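This report refers to the structure that appears directly beneath it.
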Amino acid sequence: MEQLCYTNPQPNLDAVFAALADPTRRAILSRLAEGEASVNEIAAPFEISQPAVSRHLKVLERAGLVERGVDEQRRPARLKAENMEAAVDWLTEFRAFWGTSFDQLDDVLLHMKQAETRDSENE
C-alpha cells in the first residue's frame, strides 16, 4: 500500500492562521499596518496589560507577521506581511469552490422566488 505524505509547503501556515485567529492580534496587525509602534503605543487602545500585548507580539513574531527592531531604548514592532501571502494563496485555492457554491445558492433562491411568485399569482 502506497503511503501518501502530505507535507505543508509553507511551514509557517499553521502559525499564521493561529496568529490570525485572535481578534486582538488582528487589531495589532491593523495598527501596525499604519506604521511601526512601541508596545506602549500598541497597548493604548486595549484593555489589557503591556505584558499581554508583548505575549501577542511574540505569537505574531513566531508566525513571521511582525518583526521587532531596536531604536535606542524602544523596541518598535513593524508589520511584516509577506507571510500573510501564504495564507492568502492557500485560501485562494478555494475561490472556485466559493464561487460555485454561491452560484448554486443564487439558482436555488431564484427558483424559490419564482415558485413563490407563481403561487401568489394562482391564489
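The values are calculated or read from the model by the stated rules, or taken from the named source; none is laboratory data. Since this is a predicted model, take the numbers as computed values, not measurements. Quick reminder, even Gly has a Cβ in these numbers, built from the backbone with ideal geometry, and neighbours come from all protein chains shown.
When you check LYS58 against the structure, is it within 22 Å of the chain's Cα centre (by Cα) and without any contact (Cβ under 8 Å) to a residue 24 or more places away in the chain, yes or no? Lay out the reasoning, then the answer.
Working: within 22 Å of the chain's Cα centre (by Cα): yes; without any contact (Cβ under 8 Å) to a residue 24 or more places away in the chain: yes.
In short, yes.
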In this structure, does ILE48 turn out to be part of a loop (DSSP other than H, G, I, E, B) and either surrounded by fewer than 10 Cβ atoms within 10 Å (Cβ to Cβ) or of a type outside the set (Gly, Ala, Ser) (or both)? yes
Scan the stretch 16-61 for residues that are farther than 17 Å from GLU85 by Cβ and among the basic types (Lys, Arg) and jot them down. ARG25, ARG31, ARG55, LYS58
Please indicate, with yes or no, whether at least one residue in the stretch 93-109 is farther than 17 Å from ASN12 by Cβ and in contact with a strand residue (DSSP E or B) (Cβ under 9 Å, 6 or more places away or on another chain). no
Go over the candidates GLY64, GLY35, GLY69 one by one and state the one that is in contact with a helix residue (DSSP H, G or I) (Cβ under 7 Å, 6 or more places away or on another chain) and at pLDDT 80 or above. GLY64
LYS58 passes all but one of the listed conditions (1) farther than 15 Å from ALA21 by Cα; (2) surrounded by fewer than 14 Cβ atoms within 10 Å (Cβ to Cβ); (3) at pLDDT 90 or above; the exception is number (1)
Would you point out the residue of the stretch 61-109, among those that are assigned to a helix (DSSP H, G or I), over 19 Å from ALA18 (Cβ atoms) and aliphatic (A, V, I, L, M), that is nearest to the chain's Cα centre (by Cα)? ALA96
Expected single match for of a type in the set (D, E, K, R), modelled with pLDDT of 90 or more and surrounded by fewer than 17 Cβ atoms within 10 Å (Cβ to Cβ) among GLU41, GLU2, GLU82, GLU93 is GLU41
